Structure formats: C-alpha cells, structure tokens
1. Within region 79-100, work out how many residues are surrounded by fewer than 23 Cβ atoms within 10 Å (Cβ to Cβ), part of a helix (DSSP H, G or I) and of a type outside the set (V, I, T).
2. Which condition from (1) buried (at least 17 other Cβ atoms within 10 Å of the Cβ); (2) farther than 23 Å from F188 by Cα; (3) modelled with pLDDT of 95 or more; (4) of a type outside the set (S, T, N, Q) is the one that A23 breaks?
3. Those residues that are closer than 26 Å to E72 by Cα and either out of contact with any Asp or Glu (no Cβ under 8 Å at 6 or more places or on another chain) or crowded, with 20+ Cβ neighbours inside 10 Å (or both), I need them from region 154-170; list them, please.
4. Collect the residues in region 26-40 that are surrounded by 13 or more Cβ atoms within 10 Å (Cβ to Cβ) and assigned to a helix (DSSP H, G or I), keeping them in residue-number order.
5. Give region 177-224 a look and list any residue that's exposed (fewer than 14 other Cβ atoms within 10 Å of the Cβ) and of a type in the set (S, T, N, Q), or say none.
6. Is one or more of the residues making up region 171-181 under 20 Å from F42 (Cα atoms) and of a type outside the set (D, E)?
7. Got a number for residues in region 97-114 being in contact (Cβ under 8 Å) with a residue 60 or more places away in the chain and out of contact with any strand residue (DSSP E or B) (no Cβ under 8 Å at 6 or more places or on another chain)?
Amino acid sequence: MRIAWKYLSHFWYVAINWNIWMAFFMLYDNIRGSLKYGSNTFAPVELKNLTIIDGDKKEGSRYEAVSFYMLEQLFSAFRKISGCTSIVDLGCGKGRVMMVAAHYGFKEITGIDFATELCDQAVLNMKKKQEQFPDIVWRVINQNVENYEIAPGDSVFFLFNPFNQSVLKNFLMKLNISCDQFPRTVYFLYASPQYQKLFLDNGYAIIFQKKMMHLESIIALRDQ
C-alpha cells in the first residue's frame, strides 16, 4: 500500500509539472523497469530528510531516479561506441544506474553520493545485483563528488543533475587536470542535460542525442 501511494504521488507530481501523458509513461516506465532489473530505487527523497556529512545541501537536488527508458537508450547507444567496462555514477542515489549498468556489460561500477541513507540503499541493491552478476566489482562512496579522487582509468561517467552547475564545473576542472596527467578519451552519459553548454565549453562534443516528450539524454565525448 505504501509503494502504491508513492507511485500515485509521483504520478500527480509529473502530471502537474509536465502533462498527463508524461505521467502515465513515467508510471509505466518505473513499474516495468523495477520488475525487469529488480530495482528498489523509485521513491523520491528530499535532501532535508537525508544525512549529508561531506557537502552542502544547497548545492544538491532532491533524489529522483533517472527513467529506465533514458538509461536503456544511453547504455545501448554507448555500447555501439565503446567497449569500456568501467563507469562512475556521479550522484548515484539508491543505485539504479549502477544496477542497470551491470546488465550492459560494465564490470567495474562506482557510485558516489553525499547522502548517507542513499548510499546505504545503493549498497543493499548492489549486493543483490551481485548475486545475479558475480563477476562485477563495485563500490559506493559516501562523499562529495568534488572530493572524489579521480583514478587514471576513470573514463566513463554518468550524470543526472544531482548537483548544481558550480559543483559540476569544479569536477570537470579536476577531471581535465587528470586527463592532462593521464591522457584518455572521456565519455559522459548525461540524462536531462541541463548544463550541456558547460561540456561544450570544456571541449566536449555531443556524439549522441535522444529526445522523447520531455526526456532527453546525450553522450558527450572529450578526446585526447
């Protein structure tokens, strides 16, 4: 009964802020994807209800899971472009992206989020997912993404606007320094690309773009 109420609440939220057809689609998408991927990641959460140790709530946004439709579009397109098997989810929330990534051949999966409760849920979800994909190596880091130590092999990132433009700008600057030290091609799989211009300003090219109703996703590439 509780989950039904959450679905209904989200339905009306989408209907009021977008339109009724979008609300029906999102309801269908969440139910279908949750059953397909075994994902307990649906219900939105306000930041005021979460524990933030490393970071500022004013720089983040409430937890909302990216649609399964956009995820599948991005991962399917990326698999036609690259065989990379590691991915870093910036603002991983409850772990939806991490879980779906395992179905698309990613073997090393990292999630970063500054909300403790969301990280705890992501850990539980990934433990269940590893029963299905025992060869994946994953970790969930409870940390502000600005303080994440970017590894030389980090080249694929996922993003769904979990923080403001200032945080993203600082992260891209840090990533640019890492790429100067360890040259590599970098990909961003970006759902609802609110700050797309920031990537263009940093030398990224848009190599994939998909739009449907109010849903949009892109893949941005920066070649070295």
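The values are calculated or read from the model by the stated rules, or taken from the named source; none is laboratory data. For clarity, every value in this text was computed on a predicted model and none was experimentally measured. Please note: Cβ atoms are built from the backbone with ideal geometry, for glycine as well, and neighbour counts cover all protein chains shown.
1. 2
2. All conditions are met except number (3).
3. Listed by number, the residues that qualify are D154, S155, V156, F157, F158, L159, F160, N161, P162, F163, Q165, L168.
4. Once the filter is applied, which keeps residues that are surrounded by 13 or more Cβ atoms within 10 Å (Cβ to Cβ) and assigned to a helix (DSSP H, G or I), region 26-40 yields M26, L27, D29, N30, I31, G33, S34, Y37.
5. Across region 177-224, the qualifying residues are Q181, T185, Q224.
6. No, region 171-181 contains no residue that is under 20 Å from F42 (Cα atoms) and of a type outside the set (D, E).
7. 3
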